[in-house]
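Since the structure comes first, as structure tokens, the remarks are kept for the end.
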Amino acid sequence: MTLTAAFFAIIRRDLLLAFRRRAEMANPLFFFVLIVTLFPLAVGAQPQLLQTMAPGVIWVSALLAALLSLDSLFRSDFEDGSLEQMLLSPHSLSVLVLGKIIAHWLVTGLPLLLVAPLLALFLGLPEQAMGTLWLTLILATPLLSLIGAIGVALTVGLRRGGMILSLLVLPLYVPVLIFASNAVDRAASGLPVGAQLNILLAMLLAALVLVPLPTSAALKMSVN
Amino acid sequence: MENSQQTALVVKELSCSRDERLLFSGLNFTLMPGQVLLLEGSNGSGKTTLLRVLCGFRDADAGDISWCGDQIDESSYYADMAYVGHADGTKKELTVLENLRFALALNMPGHYSIQQALEKVQLAGYDDNSVQTLSAGQKRRLSLARLLITHNILWILDEPFTSLDRQGIELIETLMVAHVEQGGMVILTSHHDLTIPHMSLQRIHLDSLDS
């Protein structure tokens, strides 16, 4: 079959798998909703404070939810030998890996995109910042999946890789967090956000090109 | 798939060690179409390691492996080989049919259609069963069905007879004979002695190699 067919086949398979394991897949989303809803309870009835904190709270929660979902990216493929079969495929592993990352984003990033505006409303984020929140989520959640993929690929061979994964990936997530929450923050005060969005877009495009290659190299190392 | 060079797997002076322990060294063999190579050796003698080196999963410490005269990375090796290891490489949540369709999408189509292959490995009628409902032997036969539906010349099989009953073993041996008669090659490790007649069988005993 052609490379394009293999690329779409892997996305299809991963979506199908996610659907069959939906309870497991919904975990990060629940986690996301849970953290955000716990904040008002802990902070108390201070709408003003919650409103100022909203961009930060939503983005930190989104980031932690993404981190929680990362392990599922290559773990089961590694354990049941599917990864070995992918390595032996005559097709480029980088393209297959990109397919897996896209499927991962569709399953874990896209739901965040749909729930986040509701939670933002719940925290009292000004309406003028909604559009920006959406834009930052559209640009930056795929970025979280992409950056995370390198970390997972490096740690998938380790029995207890969770801690190392967080240490590896979190520092790389920090720029995303800063620009994304800053953009929402500025939008809430009615300031222009073009620069932040452009930087996020640039990071996303760079990651799309640069991530698959080292990820597939790291997977080869992990299988060794 | 005929190249100017003859189709053959040539291994020269291969050596490999694990955790400072030499597994094998100075391993030489040539595998031609129509031949079967049986790797023997006690547990831990490096049979699986050798297969993983041949698959390119790990690098050998020394020596080289060539396919049709070229290094394996620079030839059509990966399109021409298929591997069934300890792990089945199937997804337990997916059905038999979905697993095979995916395997087909990753590789080039081979001699048999999915239905024909399922009949060959006696899994016809299990198309829509999810793999987790299959028995261990059925899972093994499913992973071997993958060899039939994809294009390949060289089969690398790590303990293909594990968890198969006598009928299953006979079945796999029949499939191997058919493959070899069509000009295929097989490398396998096994504790069972092969009962295949009229076949060009090479044996390598790994215990006797490390000196």
In the set A:153, A:206, A:116, which member is away from chain B (no Cβ under 14 Å) and within 21 Å of residue A:24 (Cβ to Cβ)?
-> A:153
Select from the range B:146-204 the residues that are part of a loop (DSSP other than H, G, I, E, B), crowded, with 17+ Cβ neighbours inside 10 Å and out of contact with any strand residue (DSSP E or B) (no Cβ under 7 Å at 6 or more places or on another chain) and list them in ascending order.
-> B:161, B:164
Answer residue from the range B:36-72, given it is buried (at least 17 other Cβ atoms within 10 Å of the Cβ) and on the phi > 0 side of the Ramachandran plot and is nearest to the chain's Cα centre (by Cα) among those | B:56
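So that you can scan it fast, the table gives a plain yes or no per residue for (1) at pLDDT 85 or above; (2) within 12 Å of chain A (Cβ to nearest Cβ):
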position: B:5; (1), (2): no, no
position: B:27; (1), (2): yes, no
position: B:62; (1), (2): yes, no
position: B:67; (1), (2): yes, no
position: B:78; (1), (2): yes, yes
So how many residues does the range A:176-214 have that are of a type in the set (Val, Ile, Thr), in a helix (DSSP H, G or I) and within 14 Å of residue A:144 (Cα to Cα)?
-> 2
Has the range A:75-90 got any residue that is open to solvent by 20 Å² or more (accessible area, probe 1.4 Å) and not in a helix (DSSP H, G or I)?
-> yes
So which residues in the range A:92-142 are of a type in the set (Ser, Thr, Tyr) and either in a helix (DSSP H, G or I) or open to solvent by less than 10 Å² (accessible area, probe 1.4 Å) (or both), if there are any at all?
-> A:94, A:108, A:132, A:136, A:141
More than 10 Å from chain B (Cβ to nearest Cβ) and either modelled with pLDDT of 90 or more or open to solvent by less than 10 Å² (accessible area, probe 1.4 Å) (or both), is that true of residue A:70?
-> yes
Restrict the check to the range A:29-47 and report whether at least one residue is open to solvent by 50 Å² or more (accessible area, probe 1.4 Å), within 23 Å of residue A:188 (Cα to Cα) and of a type in the set (Phe, Trp, Tyr).
-> yes
Looking only at the range B:97-117, count how many residues are over 11 Å from residue B:147 (Cα atoms), more than 14 Å from chain A (Cβ to nearest Cβ) and either β-branched (Val, Ile, Thr) or crowded, with 16+ Cβ neighbours inside 10 Å (or both).
-> 0
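The values are calculated or read from the model by the stated rules, or taken from the named source; none is laboratory data. As the structure is a computational prediction, the values presented were derived from the model and not from experiment. Neighbour counts are summed over all protein chains in view; Cβ atoms, including those assigned to glycine, are modelled from backbone coordinates with ideal geometry. What goes into the accessible areas is simple: the full protein's heavy atoms, side chains included, and nothing from ligands, DNA or RNA. Shrake-Rupley method; radii C 1.70, N 1.55, O 1.52, S 1.80 Å.
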